[in-house]
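Structure record follows, encoded as structure tokens.
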């Protein structure tokens, strides 16, 4: 009987303590230990020298929930973790971060029809905060003395929630070196990539005290259903030392982005891009789409990044010039064959709502233009508009070049931005051809855009929905931002960075204005949303002050029709003596035979000789009393 009891107890203990668990922790120290609460400590080991990931497999652990914690160089975490029943391996935990996974609130929009992206994958899964570690001698030099010329760093490792991936001899460049926390651009390759992504940037919103505007903007447009660069907040280290809390994101003009955003399958996390991909343009200040085939310098701000030439772009501008948007069938065919209007409307709504002054609508700048070969033919080319660089938004960077009304700027209606002559500086374009064509040209198109704008406000861009999501960012990233301001960065801009935000500015910037920034983040959204509510008499879920019955919504004006009345008159000709004065002929170009029919000028011009444009005359002497004005051009 006693033997049976002992055997039972032995079997019970062996079953109750039969679990093996692999523990993994990211830590920057020399000695890392695991303690099973109530039992003992275990030393964990690095898998690779210089690697901050420590791990160890512990046997004979309880099958039920139990508590554990980590030590680094003798310092214990100030909380205990729980290993749930059935778990055989932890995620890549981070020393001192209590919640390894914490899903963030998300923006929700009912009309998201973009199903072409590979999706976030583990790379941009923001329930986890990845760590990126650069390692090597060249790495040390780069972080202390960043250079805009390409430098190959010995090794970089990405740590995601349940995996890691390392690359060697990684080409990087630095940008925005007038800030201590400079930008890093990294280029991997098609074969050596992270879930199809191989061109990544580590950006710091240097002028944004929250350092979250890029992430917020990107998550909103992703939820709206349009081609959008993905972003995620990451910790960056070099040789075991802190570099900063960065926004890791894609680049819109890169082949890496195009392949995963236009030709991905989110279920299988695979891509099926054409080879080669379509023409890709990087558009800077002055980039617009008038049809000017005889002035190719007009298209200089539309820089070709991928492709052979600009012939497809010129064909697009010609088709755009000839398009009659009042003809519904013609417009529908154009949208099918030439340009995606739905995603363009969403992009323009976001530029307006956020005051994205460094984008297309305000400044013809900072966007990509992509031609999709899978939707193009030999004579038609389907283009997509893609926004990028969203740090100068929600009031950041607004100057009197764009903002002429000061604090009231978020209250200005989009209707004041239609069919305008712009040219805000010598590089800016005169028009916004895409806006004037696809928003302002007909009441139907304006209503279509306006309905999109209103829907975004009702679902996302209002004080209730916006704050619900962004508050989850604030709570999640608060310890990371505090860490970000807790150490001396390896690089120091000698002249002193401006602005020089700090941790206290981060805390204030959500609700309050700061020096040089007239609006808190939430204040901007509230002012913009309230102005639109009053303009269109709308409301949203949770609105505490909906418009009353006296509210009169803005109505889109119908186009005016000009009526021409013809009057018949009788003319009597009277012969009047005249005095003839002989003038010395001047050298004036003739205008004879110039065609006036649209688009026929080029055909007429190419067959002419120089002699067809000049009248032979005597050369007149230039007066010395009136020197010619210096040409501004």
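Quick notes
- Residues being touching a residue at least 40 places away in the same chain (Cβ under 8 Å), crowded, with 17+ Cβ neighbours inside 10 Å and either farther than 30 Å from residue 292 by Cα or touching a strand residue (DSSP E or B) at 6+ places or on another chain (Cβ under 9 Å) (or both) are represented in the stretch 426-435 by at least one member.
- Among the residues of the stretch 206-233, those that are within 17 Å of residue 252 (Cβ to Cβ) and assigned to a loop (DSSP other than H, G, I, E, B) comprise 225, 226, 227, 228, 229, 230.
- In the stretch 540-554, the residues that are closer than 13 Å to residue 464 by Cα and surrounded by 15 or more Cβ atoms within 10 Å (Cβ to Cβ): 540, 543
- Hits in the stretch 137-172 (condition: part of a strand (DSSP E or B) and within 19 Å of residue 92 (Cα to Cα)): 156, 157, 158, 159, 164, 165, 166, 167
- Of the helices (runs of 4 or more DSSP H) contained entirely in the stretch 269-381, those carrying at least 3 residues that are out of contact with any helix residue (DSSP H, G or I) (no Cβ under 8 Å at 6 or more places or on another chain) and more than 30 Å from residue 532 (Cα to Cα) fall at 311-322, 328-337.
- Test result for residue 103, touching a helix residue (DSSP H, G or I) at 6+ places or on another chain (Cβ under 9 Å), within 26 Å of residue 133 (Cβ to Cβ) and either without any contact (Cβ under 8 Å) to a residue 40 or more places away in the chain or in the same structural domain as residue 29 (by TED's automatic domain parsing) (or both): yes
- Residue in the stretch 124-135 that is over 30 Å from residue 471 (Cα atoms) and either buried (at least 17 other Cβ atoms within 10 Å of the Cβ) or free of Cβ contacts under 8 Å to residues at least 12 places away in the same chain (or both) present: yes
- Residue match in the stretch 248-258 (condition: out of contact with any strand residue (DSSP E or B) (no Cβ under 6 Å at 6 or more places or on another chain) and not in a helix (DSSP H, G or I)): yes
- Flag if residue 117 is part of a loop (DSSP other than H, G, I, E, B) and in contact with a strand residue (DSSP E or B) (Cβ under 9 Å, 6 or more places away or on another chain): yes
- For residue 134: the one exception among (1) touching a helix residue (DSSP H, G or I) at 6+ places or on another chain (Cβ under 8 Å); (2) assigned to a loop (DSSP other than H, G, I, E, B): (2)
- Set 204, 219: member being at pLDDT below 95, under 19 Å from the mean Cα position of the chain (by Cα), under 30 Å from residue 471 (Cβ atoms) and surrounded by 19 or more Cβ atoms within 10 Å (Cβ to Cβ): 204
- Residue check, residue 555 over 18 Å from residue 458 (Cα atoms), outside the structural domain of residue 209 (by TED's automatic domain parsing) and at pLDDT 90 or above: yes
- Condition met for residue 487 (within 24 Å of the chain's Cα centre (by Cα) and outside any helix (DSSP H, G or I)): no
- Filter pass, residue 156 being within 22 Å of the chain's Cα centre (by Cα) and buried (at least 20 other Cβ atoms within 10 Å of the Cβ): no
- Residue in the stretch 271-294 that is at pLDDT 95 or above, under 30 Å from residue 48 (Cβ atoms) and in the same structural domain as residue 157 (by TED's automatic domain parsing) present: yes
- Verdict on residue 467 being without any contact (Cβ under 8 Å) to a residue 60 or more places away in the chain, surrounded by 16 or more Cβ atoms within 10 Å (Cβ to Cβ) and under 25 Å from the mean Cα position of the chain (by Cα): yes
- Any hit, the stretch 384-401, residues being in a helix (DSSP H, G or I), surrounded by 21 or more Cβ atoms within 10 Å (Cβ to Cβ) and in the same structural domain as residue 297 (by TED's automatic domain parsing): no
The values are calculated or read from the model by the stated rules, or taken from the named source; none is laboratory data. Here the structure is a predicted model, which is why all the values come from computation and not from measurement. As a convention, Cβ positions derive from the backbone with ideal geometry for all residues, glycine included, and neighbour counts pool all protein chains shown.
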